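The numbers here are math on the coordinates, done by the rules we state, and not lab data. Because the structure is predicted, anything quoted here is derived from the model rather than measured. Using ideal geometry, Cβ is built from the backbone for each residue, glycine included, and neighbour counts are taken over all protein chains shown.
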There are 2 protein chains.
Amino acid sequence: MTTLLQRAEAAGLRMTGHRRLVAEVLEGGGHPDVETVHEAAARRDPGISIATVYRALNLFEEAGLVEKREFGDGRARWEDAAQDHHDHLIDVATGEVIEFTSPEIEELQRRIAESLGYELVDHRLELFGRRRR
Amino acid sequence: MTTLLQRAEAAGLRMTGHRRLVAEVLEGGGHPDVETVHEAAARRDPGISIATVYRALNLFEEAGLVEKREFGDGRARWEDAAQDHHDHLIDVATGEVIEFTSPEIEELQRRIAESLGYELVDHRLELFGRRRR
DNA sequence: GTACGTGCAAAGGCTTTGCAAATGC
DNA sequence: GCATTTGCAAAGCCTTTGCACGTAC
């Protein structure tokens, strides 16, 4: 299992201290927004600016190493793209994000796109739910 | 079949001339962004400001009459909520938005949420595709 | 030494908002 | 008349960017 850092180096990116920090934060998992990534990185190197975090995230995204998500609250969330593909369920009460996978849904989506005359290149699926008591 | 205007009145909203214009534009269908709604409304009454369009759309949304969509390009798109529920396929080459419905996917989503211990309250599904030749 | 990375502050894009004037009922 | 709506411009929020300075190799 390769780390984000290893994949970034394999992609030919120059991995400076700051970029390493951002990569390590993302490896911590979750779906942090930019500010959260910045705070976590700044805990280890207070010198890192938020502009650098933005630039690093965009750089990683262009290289296909991380994924940008929009959950509808106006700011982007980021996650390591190394993991298997998954979708998200957002707890409407707490904002908690739960990951899940469903080969069935993936296949159904592909078939729907096809029936409309399209080749599926990407998709976005978010469920919003309320925890059952 | 009720119009957006009729539903807005039924909801107790004061439907001024400007709000009527915004409602009529949305009834024209499609997935217009705010600027597009404003342009269309201003064609009929050049006096309407974009602030009023924003306020009308948010008002309608709070009343559950229209839906706000985010397709990842940074601006919101709006549509009349009267129609049957549907999802969207976005043509990655042209940005064209195609609506579709799939009871199978709806049901699958409900079951997935349930298996995670959640009651599904909403969802968002967008497919991104490339037209097949 | 040259290209690249970074901090800072300014600017950009979309959206909201404070305020005074206009409008609806 | 009085509350609500509206236009305008300013401000807010997230994100990007210009520029000068630092750093990597």
Of B:66, B:92, B:22, the one that fluctuates the most in a GNM where chain B has Cα springs shorter than 10 Å: B:92
Using each residue's phi in segment B:63-79, evaluate 6.51 cos²θ - 1.76 cosθ + 1.60 at θ = phi - 60° and report the 3J(HN,Hα) Karplus result to the nearest Hz, with x for Gly and Pro. 7, x, 8, 9, 10, 9, 10, 10, 9, x, 9, x, 10, 7, 10, 10, 8
Suppose we keep just the DSSP beta bridges with both residues in segment B:87-129; what percent of those would be antiparallel, to 5? 50 percent
At a threshold of 8 angstrom on Cα-Cα distance, excluding pairs fewer than six apart, so keeping six or more, what relative contact order does chain B reach in percent? 19 percent
Between copies, how far apart are the residue B:72 label points? List them in nm, one decimal, shortest first, with each point 7 Å from Cα toward Cβ, please? 1.7
Mind jotting down the distance between the C-alpha centroids of segment B:1-53 and segment A:1-39, whole Å? 45 Å
Measuring from label point to label point, each 7 Å out along Cα→Cβ, what is the residue B:122 to residue A:130 span in nm? 1.3 nm
Local electrostatic count at residue A:17 - Lys and Arg +1, Asp and Glu -1, tallied over other residues with Cβ under 13 Å: +2
Proxy exposure order for B:33, A:84 (fewest C-beta within 10 Å first) is A:84, B:33
Name the residue, out of B:81, B:113, B:51, whose mean-square fluctuation peaks in a Gaussian network model built on chain B with Cα pairs under 10 Å. B:113
Okay, helix-only estimate at 222 nm for chain A: each DSSP H run of n ≥ 4 adds -39500 (n - 2.57), divide by all residues, round to 500 deg cm²/dmol; what do you get? -12500 deg cm²/dmol
Of A:80, A:91, A:122, which is the most mobile in a GNM of chain A whose springs link Cα atoms less than 10 angstrom apart? A:122
Residue-averaged beta-carbon neighbours from other chains (10 angstrom radius) around B:98-107: 3
